[in-house]
Amino acid sequence: MSKNTETGETPDKSKKNTSLRLDGKTLKALRIRAIEEGTSVRKIIETLVNDYLDTPEKGRS
């Protein structure tokens, strides 16, 4: 199985693609943070989305 050359990760066929538009400064900071933490932007975003979805709807603004 081939690896993603950008992230070094093996693709997961059960996952789907989406696109996201971020301000340039925000994306740069996110990329730097990912490098510092030894992870990928995709993993950070996926974790944040999953945490959000795991939060009960009551009390969300």
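A few points about this structure:
- In the range 9-36, the residues that are over 19 Å from Leu48 (Cα atoms) reach residues that are surrounded by 10 or more Cβ atoms within 10 Å (Cβ to Cβ) with C-beta atoms within less than 6 angstrom, at least six apart or across chains, in these pairs: Thr10/Lys3.
- Residue within the range 29-38 that is loosely packed, with under 10 Cβ neighbours inside 10 Å and not aliphatic (A, V, I, L, M) present: yes
- Which numbered condition Val41 fails, given (1) modelled with pLDDT under 95; (2) under 11 Å from the mean Cα position of the chain (by Cα): (1)
- Looking at Lys28, Lys15, Lys58, just one residue is at pLDDT below 95 and either within 14 Å of the chain's Cα centre (by Cα) or part of a helix (DSSP H, G or I) (or both), and that residue is Lys15.
The values are calculated or read from the model by the stated rules, or taken from the named source; none is laboratory data. This structure is a prediction, so every number in the text was calculated from the model and none was measured. Positions of Cβ are backbone-derived with ideal geometry, glycine not excepted, and every protein chain shown enters the neighbour counts.
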